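S.K.: To start, I am sharing the structure in question, which I have written as structure tokens.
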Amino acid sequence: MSLAGELDLGRIERFLALAWESGAQPLIVLTKADLVPDAVTLGHLVQDVETTAPGVTVLPVSALDGDGLDGLVALVSGGTSVLLGQSGAGKSTLANALLGDEVMVVQATRDADGKGRHTTTTRNLLALPGGGVLIDTPGLRGVGLWDAETGVGQVFAEIAELGEKCRFQDCAHESEPGCAVLAAIASGELGERRLESYRKLIRENQRIVAKTDARLRAEIRKDWKRKGAEGKAAMEAKRGRWRS
Ligand SMILES: Nc1nc2c(ncn2[C@@H]2O[C@H](COP(=O)(O)OP(=O)(O)OP(=O)(O)O)[C@@H](O)[C@H]2O)c(=O)[nH]1
Ligand SMILES: [Mg+2]
Ligand SMILES: [Zn+2]
């Protein structure tokens, strides 16, 4: 995620849900740290992201002046890592910095809106000098969830933890008495945006699961109909043979 523009915490939560769901260990790299005017502001930005991503390492880096790169090299060495992010976030620039070579083509973002130009169009498996591999990918236009309930739960771990203290086990944290989540909102322990975001992703996930189920049911029905028709045709063919 680039620090050049406004941080989109909702997008970070979405990416994280998918990353957790996939079984990968997410790591948030905040690129273009050199564009943040001072260290205090950078500290605040990192803190905001850390609150959004409990249990995930957040690493500000600058490919331009090399800040934070050593830490990143240490984390990705020896393993298999995939760079995910929007176009223009600086994924390929980071890949080149980690490789110590200009392997990937990099292009300036469009000045007016800071968006990328979708420079990388294929997935590229690159061997890291310190061992391990790095996969550079094309910038994602949007992130939709795909049955990622476990991932969503992991991103919002602190809400689940609070939920264990609710009076009712099946508390929806809407208006129930003795709701620990709502109490945490009231006391300021939990941010309102965070709960809203959690609800949104849970709802979206439920819609996807429902849709997939409906599609699955329709497919099964179609399959039965096809098998039924085939069976009937086979029977008729047999009968035809018997008749002649
Ligand atoms: N100031 C600054 N600019 C950077 C940094 N890293 C990347 N950029 C610039 O950001 C622009 C986009 O970089 P890319 O590496 O092509 O971005 P990408 O994420 O690979 O984009 P796609 O391939 O389109 O997905 C380029 O102009 C880079 O020079 C950085 O650390 N600091
Ligand atoms: Mg690229
Ligand atoms: Zn509750």
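S.K.: Please check which bits of segment 14-39 a label hung off I208 would reach, taking the label as a point 7 Å along Cα-to-C-beta and the cut-off as backbone N under 12 Å.
M.R.: Label zone hits: 14-22.
S.K.: Here's a follow-up. Could you tell me which Cys residues in the chain have no other cysteine's Cβ under 4.7 Å from their own Cβ, answering none if every one has a partner?
M.R.: Here C179 come out as lacking a disulfide-compatible partner, given the Cβ-Cβ threshold of under 4.7 Å.
S.K.: Report the accessible area of L84, computed with a 1.4 Å probe over the heavy atoms of all protein chains in place, in Å² rounded to the nearest 10.
M.R.: We get 100 Å² for L84.
S.K.: Sort all Cα-Cα distances of the chain into consecutive 10 angstrom bins from zero, then give the percent of pairs in each bin up to the one containing the longest distance.
M.R.: Reading upward from the zero bin: 7, 24, 27, 18, 12, 6, 4, 2, 0, 0.
S.K.: I've got another one for you. Once both axes come from the Cα atoms, what is the angle between helix 39-52 and the longest principal axis of the chain, in degrees from 0 to 90, rounded to 10?
M.R.: 20
S.K.: OK, next. Quick check: residue separation of E6 and H118 times 0.36 nm, minus the Cα distance between them. What number comes out in nm?
M.R.: 38.4 nm
S.K.: Compute the angle between helix 9-22 and the longest alpha-carbon principal axis of the chain, please, reported from 0 to 90 degrees and rounded to the nearest 10.
M.R.: Rounded to the nearest ten degrees, it is 50.
S.K.: Shifting gears a bit: Which of rounded, prolate or oblate describes segment 9-136 when judged by the alpha-carbon gyration tensor and an a/c cut-off of 1.5?
M.R.: Numbers: a/c = 1.30, a/b = 1.10, b/c = 1.18.
Here segment 9-136 falls in the rounded category.
S.K.: Would you mind checking which residues have amide H under 5 Å from C166's amide H? H placed 1.01 Å from N; only 5 or more apart, or other chain.
M.R.: Residues meeting the criterion, in which the H sits 1.01 Å from N, are A180.
S.K.: Work out, step by step, the length gained on full extension between T51 and E161: first 0.36 nm times the residue separation, then minus their alpha carbon distance; give nm to one decimal.
M.R.: Working: separation 110, 0.36 × 110 = 39.60 nm, distance 1.46 nm.
Working it through step by step, the gained length comes to 38.1 nm.
S.K.: Would you calculate a helix-derived [θ] at 222 nm for the chain, using -39,500 (n - 2.57) for each DSSP H run of n ≥ 4 and dividing by the full residue count, to the nearest 500? Before the final figure, lay out each step's value.
M.R.: Values: 8 runs with 119 residues, N = 244.
The helix contribution divided over the chain gives -16000 deg cm²/dmol.
S.K.: Carbon and sulfur: what percent of the chain's accessible surface (1.4 Å probe)? Working shown, then result.
M.R.: Numbers: 7970 of 14940 Å².
The value for the chain is 53 percent carbon and sulfur by accessible area.
S.K.: Hey, another quick one. Name the residues whose placed amide hydrogens come within less than 5 Å of the amide hydrogen of A63, ignoring near sequence neighbours (fewer than 5 apart) on the same chain.
M.R.: K32, A33
S.K.: Rounded, prolate or oblate for segment 149-243? Axes are the square roots of the Cα gyration tensor eigenvalues, ordered a ≥ b ≥ c, and the cut-off for rounded is a/c under 1.5.
M.R.: Cα axes put segment 149-243 in the prolate bin.
S.K.: A further question follows. For an R0 of 45 angstrom, estimate the FRET efficiency from the Cβ-Cβ distance between R193 and L99 and round to the nearest 0.05. Intermediate values should be presented prior to the final figure.
M.R.: Values: r = 37 Å, r/R0 = 0.83.
Efficiency computed from Cβ-Cβ geometry: 0.75.
S.K.: Taking the Cβ of T51 as the center, what net charge do the other residues with Cβ under 12 Å away carry, scoring Lys and Arg +1 and Asp and Glu -1? Display every interim value, and only then the final one.
M.R.: Numbers: positive: R193, R194; negative: E13, D48, E50, E158, E189.
Once positives and negatives cancel, what remains is -3.
S.K.: Below 14 angstrom from the Cβ of C171, what's the summed charge of the other residues (Lys, Arg +1; Asp, Glu -1)?
M.R.: Details: positive: K165, R167, R199; negative: E161, E164, D170, E174, E176.
Taking every other residue near C171 into account, the sum is -2.
S.K.: Filter K32/K165; K32/K200; K91/K200 down to the pairs with a C-alpha to C-alpha distance above 31 Å, please. If you can, show how the numbers build up before the last one.
M.R.: On the way: K32/K165 41 Å; K32/K200 29 Å; K91/K200 28 Å.
Too far apart for the 31 Å limit: K32/K165.
S.K.: Here's something else I'd like to know. Suppose we flag chymotrypsin sites (Phe, Trp or Tyr not before Pro) only when DSSP calls them loop and at most 16 other Cβ atoms lie within 10 Å. Which is the longest uninterrupted stretch of the chain?
M.R.: On the way: sites that count: W146, F168.
Value returned for the longest uninterrupted segment is 1-145.
The values are calculated or read from the model by the stated rules, or taken from the named source; none is laboratory data. Fair warning: this is a prediction, and the values are worked out from it, not measured in the lab. Note that we place each Cβ from the backbone using ideal geometry, even for glycine, and neighbour counts take in every protein chain shown. Ligands, DNA and RNA are stripped out before the accessible areas are found, and what is left, the full protein with its side chains, is counted by its heavy atoms. Shrake-Rupley method; radii C 1.70, N 1.55, O 1.52, S 1.80 Å.
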